[in-house]
Amino acid sequence: MRQGKNRFIIGFLAAPVTLYILFVIWPYIQTFQVAFSRWDGQSAPEYNGLDNFKNLFSDSKFTGAVEHHVVMLIALPLVTLTIALFFSFMLNLGGSIQGGRLRGVRFSGIYKVIFFLPQVLAVAIIGVLFSTVYQQGSKSAGVPSGVLNAVLQAVGIGGKDQIGFLTDSNLALWSVIGVMVWQAVGFYVVLFSAAMTSIPKDLFEAAALDGASRATLFFKITLPLLRDTLQVGWIYLGIAAFDGFALVQVMSINGGEGPDNSTSVLPLEIWNNAFNQPKAGYAAAMGVALFFMTITFAAISMRVTRRESIEF
Amino acid sequence: MSQSPAPKGLDRRTLLQRVGLTALVAGPGVSLLSACATSSSKKKDNVKANNSDAKNPFGVKATAPLDVVIFMGGYKDDYATKGHEPIYKKAFPGAAIKHEAITAIGTTLQPRFNSGTNIPDVVDNSGTAQMDWTALASAGQLQDLTKLWDAPSVDDPSKKVRDTGMVAGKPMQMNYVATTFGLWYNKKLFADNGWTAPKTWDEFTALCDKIKAKGIVPFAYAGKNAAYYMYYGIIQSANKLGGNQVGVDVDNLADGAWSNPAVKTAAQKWGEICQKYSDKAYLGLIHTQVQTLHKQNKIAFYPSGDWLENEMKDVKGADGFEYAICPYPDMGGDKLPYPALRVSAGEPFFASAKSPNPAGALEYLRQMLSKAGAQAFFQQAGSMAVVKGALEGLQLTPGTQSVVDAQKAAGSSVITWLNFDGWYKDLDMEARNQTNKLCYGGGNADSFCSALDKEAAKIKADSSITKQTRPAIS
């Protein structure tokens with residue numbers, strides 16, 4: 001089989017690799033090429049060297065979007081992973097000991113489904129859904145309140161003017177991040193559950209026999225053994241924090257820019273420049289900048305969170 | 001472009017002819033670029049017109065298929081599928097028409113134009129995501145429509161097409177719809193309460209007080225996606241107050257154009273109206289949501305164009321709701337006194353130069369400009385096409401009738417249309433943002449004007465953006 005093995009591998013890889021090069025690598029290369037030009041998207045591009053990149057840094061729309069990404073980069077992974085860890089711990093190891101083995105809380109099976117449901121919904125639908133949930137209502141104006149405002153009003157928070165989650169420039173970005181967290185948690189609950197179930201139960205039982213509390217179990221055993229998975233989750237969420245295009249475009253006012261341009265994100269600016277204005281070259285330059293930012297983040301994350309893998 | 005003084009007893013034809021001349025001049029600088037496009041001879045216009053053949057002046061092949069792209073927006077696309085396309089098919093039974101209704105015109109069509117494959121013949125280049133006209137022209141994608149304007153008209157072959165239109169034709173754009181913009185209200189609601197459309201600002205605020213006392217919100221606009229309706233209105237008031245040159249300066253990115261006293265007064269007065277008589281909740285709603293509330297008598301006045309009635313025709317409103325338009329009220333010392341109205345020709349179509357059936361495209365446009373075409377458009381889309389006398393004898397919907405009446409009353413007092421929102425997207429987005437801040441964010445006119453002057457200056461200084469201009473208006 002030795003002589004046939006290479007041909008076999010190449011035969012199977014040929015088609016996928018070709019598709020990958022054609023539809024992923026080649027457009028990347030073309031984008032890099034276009035980024036050095038001034039192009040209106042129709043006639044031939046005229047090359048203008050590093051002008052686009054020079055203009056990027058003085059463009060308040062670009063720097064504004066980058067600021068928003070920094071906020072999302074810090075908030076999204078932190079909040080999502082914390083919540084996901086907590087949930088998956090509860091669902092796998094948070095319950096009572098039955099037959100000598102730790103189980104999850106009651107109804108874990110149902111919770112797993114509920115937590116994963118947001119992942120199943122299309123992003124655009126989630127955007128429309130939360131636009132309604134976040135809606136600032138007004139009795140006198142005949143505008144119905146969203147669920148969130150209705151609940152807050154019932155509890156007494158909000159006063160005469162309901163809270164404009166998507167229309168207040170201080171709240172809009174956080175409202176969007178909230179939806180991103182809501183959507184992402186389910187996936188990481190499943191991911192961490194899978195990782196936790198692969199940890200041998202004897203470790204937990206041994207620790208429990210020694211009198212370890214639930215919290216100690218979590219911080220001293222579960223967390224260290226989950227480090228690899230956490231690293232993966234951190235990087236994926238960081239990359240997701242550089243996106244947010246679909247949500248922002250559907251939920252946020254003014255075409256996604258938000259009140260006082262407070263929710264602009266780089267993919268949105270790229271899209272605006274490429275399709276709503278004749279600035280495809282400039283948009284490509286933004287794309288290149290985004291590419292390097294994402295790669296840098298991933299590289300740094302992997303370096304910083306690297307540990308020796310634990311064999312068990 | 002000289003404009004002769006309007007004679008007494010003005011009719012709509014003269015009004016709109018005058019508007020058309022302004023629109024011709026005020027449109028994007030495509031006419032300037034037509035020289036560039038043809039001189040670089042990217043593609044020779046190979047459609048030869050034979051004006052002695054009244055039935056087929058462009059020599060359309062009887063069996064050549066036609067690809068028509070219609071913008072799916074306020075006018076929808078029934079006017080094409082049930083109106084113009086059947087008319088074309090009657091003239092050329094062997095031709096298969098491929099109809100495409102697209103909302104994101106630029107996003108969908110740009111790749112096709114770029115690659116040179118599957119280029120549509122006729123394109124209704126409209127909507128938020130329309131393709132950039134300057135770029136299209138410089139790439140030689142647009143046919144010169146002069147041969148269309150010189151061709152014999154469908155209804156009367158002894159007349160040229162250009163003579164049957166209310167608005168003069170442009171070299172590369174056919175603007176099909178005569179559009180009016182103003183304040184919309186429910187005729188029945190006002191009649192029931194004994195309210196009349198206000199002529200002066202004092203009458204307007206007094207009326208708003210009465211409306212508010214009745215538990216109805218006097219004024220609103222949709223902040224989420226249609227803030228531009230509101231700044232259209234602010235500039236409209238500014239033009240009315242200080243003359244149409246105010247709008248020309250804004251379009252031309254003149255220094256301090258936004259801080260012109262007329263603009264500042266208009267911004268301040270409209271800001272006050274919104275803060276006192278509107279509601280923040282509308283900031284988070286899209287235009288159809290606010291328009292529905294308007295149709296349910298929850299809102300009294302709503303700024304929009306005459307597409308409004310047709311756009312909302314399938315939405316259930318209050319019983320007996322009748323759309324009516326009224327001009328913007330005087331602010332005091334207006335150069336263009338009440339009832340000056342903002343009218344122009346909009347909804348631009350073009351015929352592709354590099355598509356498979358360029359002759360068919362011209363013929364399709366010619367058929368649209370016939371009386372039958374204009375009537376079909378009115379019946380399906382509820383708006384007026386630029387064809388003279390097309391609506392005579394037709395039963396008009398209340399909204400359209402009120403637009404016709406308002407146009408008659410306005411006579412030659414015409415407020416011109418804005419262009420910068422199509423030319424400079426950044427300025428459009430910033431204007432929307434500032435409008436929302438002014439009206440729903442408790443802002444003030446000073447910051448509105450200075451922020452927009454700043455943005456205009458930034459665009460002016462950016463050499464990578466192609467600038468367009470409008471000539472001065474006396």
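Evaluate the following for B:Tyr302: is it touching a strand residue (DSSP E or B) at 6+ places or on another chain (Cβ under 9 Å), part of a strand (DSSP E or B) and farther than 17 Å from B:Val404 by Cα?
Taking the combined requirement at face value, the residue satisfies it.
Hey, could you check segment A:274-295 for residues that are of a type outside the set (D, E, K, R) and not in a helix (DSSP H, G or I) and say which is farthest from A:His69 (Cα to Cα)? Before you say what the answer is, go through the steps one by one.
Filtering segment A:274-295 for residues of a type outside the set (D, E, K, R) gives A:274-278, A:280-295.
Adding the requirement that they be not in a helix (DSSP H, G or I) leaves A:277-278.
Details: A:Gln277: 23, A:Pro278: 25 Å.
Once the filter is applied, the top-ranked residue is A:Pro278.
Anything in segment B:278-291 that is within 10 Å of chain A (Cβ to nearest Cβ) and not basic (Lys, Arg)? List them, or say none.
B:Ser278, B:Asp279, B:Ala281, B:Tyr282, B:Leu283, B:Gly284, B:Leu285, B:Ile286, B:Gln289, B:Val290
Please enumerate the residues belonging to segment B:296-313 that are within 12 Å of chain A (Cβ to nearest Cβ) and without any contact (Cβ under 8 Å) to a residue 40 or more places away in the chain.
Selection gives B:Gln296 alone.
Here's a check for you: in segment A:32-67, which residue that is assigned to a loop (DSSP other than H, G, I, E, B) and over 32 Å from the mean Cα position of the chain (by Cα) is surrounded by the most Cβ atoms within 10 Å (Cβ to Cβ)?
A:Gln42
Consider A:Asn92 carefully, then state whether it is more than 25 Å from the chain's Cα centre (by Cα) and in contact (Cβ under 8 Å) with a residue 24 or more places away in the chain.
no
Yes or no: B:Glu363 within 14 Å of chain A (Cβ to nearest Cβ), crowded, with 19+ Cβ neighbours inside 10 Å and either in contact with an Asp or Glu (Cβ under 6 Å, 6 or more places away or on another chain) or assigned to a helix (DSSP H, G or I) (or both)?
no
If a residue must be closer than 18 Å to B:Thr107 by Cβ and either surrounded by fewer than 23 Cβ atoms within 10 Å (Cβ to Cβ) or away from chain B (no Cβ under 11 Å) (or both), how many such residues does segment A:269-292 contain? Explain how you work it out, then say what you get.
From segment A:269-292, those closer than 18 Å to B:Thr107 by Cβ are A:269-284, A:286-287; that's our starting set.
So of that shortlist, the ones also either surrounded by fewer than 23 Cβ atoms within 10 Å (Cβ to Cβ) or away from chain B (no Cβ under 11 Å) (or both) come out as A:270-272, A:275-277, A:283-284, A:286-287.
The qualifying residues number 10.
Filter segment A:234-278 for residues that are more than 16 Å from the chain's Cα centre (by Cα) and among the charged types (D, E, K, R) and give the result.
The answer is A:Glu257, A:Asp260, A:Glu269.
For A:Ile114, only one of the following conditions fails: (1) surrounded by fewer than 21 Cβ atoms within 10 Å (Cβ to Cβ); (2) at pLDDT 90 or above; (3) within 14 Å of chain B (Cβ to nearest Cβ); (4) farther than 30 Å from A:Met293 by Cβ. What is its number?
Here A:Ile114 meets the rest and fails (3).
What tally of residues in segment B:236-277 results from selecting those that are β-branched (Val, Ile, Thr) and over 19 Å from B:Ile459 (Cβ atoms)? Show your work before the answer.
Residues of segment B:236-277 β-branched (Val, Ile, Thr): B:246, B:248, B:250, B:263, B:265, B:273.
Then drop every residue that is not over 19 Å from B:Ile459 (Cβ atoms), which leaves B:265, B:273.
Residues meeting the conditions: 2.
Within segment B:113-133, track down each residue that is under 17 Å from A:Gln277 (Cα atoms) and either surrounded by fewer than 17 Cβ atoms within 10 Å (Cβ to Cβ) or under 23 Å from the mean Cα position of the chain (by Cα) (or both).
Selection gives B:Asn114, B:Asn125, B:Ser126, B:Gly127, B:Thr128, B:Ala129, B:Gln130, B:Met131, B:Asp132, B:Trp133.
Conditions: (1) away from every other protein chain (no Cβ under 13 Å); (2) in contact with an Asp or Glu (Cβ under 6 Å, 6 or more places away or on another chain). B:Leu391 meets all but one. Number of the miss?
(2)
Output the qualifying pairs, or none if there are none: Cβ atoms under 6 angstrom, residues six or more apart or on different chains, first residue in segment B:52-68 and at pLDDT 90 or above, second residue assigned to a strand (DSSP E or B).
So the pair list comes out as B:Leu66/B:Ile97; B:Asp67/B:Lys98; B:Val68/B:His99; B:Val68/B:Val122.
Being touching a residue at least 12 places away in the same chain (Cβ under 8 Å) and within 16 Å of A:Phe275 (Cβ to Cβ), is that true of even one residue in segment B:72-80?
Looking for residues that are touching a residue at least 12 places away in the same chain (Cβ under 8 Å) and within 16 Å of A:Phe275 (Cβ to Cβ), one finds none in segment B:72-80, hence no.
So how many residues does segment A:155-190 have that are in a helix (DSSP H, G or I), touching a Ser or Thr at 6+ places or on another chain (Cβ under 6 Å) and either within 13 Å of another protein chain (Cβ to nearest Cβ) or surrounded by fewer than 19 Cβ atoms within 10 Å (Cβ to Cβ) (or both)?
1
Of (1) surrounded by fewer than 22 Cβ atoms within 10 Å (Cβ to Cβ); (2) aliphatic (A, V, I, L, M); (3) more than 30 Å from B:Thr469 (Cα to Cα), B:Ala281 satisfies all except one. Which?
B:Ala281 satisfies every listed condition except (1).
Name the residues in segment B:436-446 that are more than 10 Å from chain A (Cβ to nearest Cβ) and buried (at least 24 other Cβ atoms within 10 Å of the Cβ), would you?
Passing the criteria: B:Leu438, B:Cys439.
So which residues in segment A:233-264 are more than 15 Å from A:Ile74 (Cα to Cα) and either of a type in the set (A, V, I, L, M) or more than 14 Å from chain B (Cβ to nearest Cβ) (or both), if there are any at all?
Residues of segment A:233-264 that are more than 15 Å from A:Ile74 (Cα to Cα), as a first pass: A:245-264.
Passing the criteria: A:Ala246, A:Leu247, A:Val248, A:Val250, A:Met251, A:Ile253.
If we keep just the residues of segment B:215-226 that are closer than 15 Å to B:Ile273 by Cβ and small (Gly, Ala, Ser), which is farthest from the other protein chains (Cβ to nearest Cβ)?
Keep residues of segment B:215-226 that are closer than 15 Å to B:Ile273 by Cβ, which gives B:216-221, B:223.
Okay, now just the ones that are also small (Gly, Ala, Ser), so B:220, B:223.
Numbers: B:Ala220: 7, B:Gly223: 6 Å.
It comes out as B:Ala220.
May I ask you to list the residues in segment A:29-71 that are farther than 23 Å from A:Phe275 by Cβ and in contact (Cβ under 8 Å) with a residue 40 or more places away in the chain?
A:Val71
Hey, does segment B:321-339 have a residue that's within 26 Å of A:Gln162 (Cβ to Cβ) and either touching a helix residue (DSSP H, G or I) at 6+ places or on another chain (Cβ under 6 Å) or aliphatic (A, V, I, L, M) (or both)?
no
Look at B:Asp446 and say whether it is in contact with a helix residue (DSSP H, G or I) (Cβ under 8 Å, 6 or more places away or on another chain), closer than 30 Å to A:Glu46 by Cβ and either assigned by TED's automatic domain parsing to the domain that holds B:Pro337 or at pLDDT 85 or above (or both).
On the way: in contact with a helix residue (DSSP H, G or I) (Cβ under 8 Å, 6 or more places away or on another chain): yes; closer than 30 Å to A:Glu46 by Cβ: no; either assigned by TED's automatic domain parsing to the domain that holds B:Pro337 or at pLDDT 85 or above (or both): yes.
No; evaluated as a whole, the condition is false for this residue.
The values are calculated or read from the model by the stated rules, or taken from the named source; none is laboratory data. What you see is a predicted model, and the numbers here were worked out from it, not measured in a lab. Cβ coordinates were reconstructed from backbone atoms using ideal geometry, including for glycine residues, and neighbour counts include every protein chain displayed.
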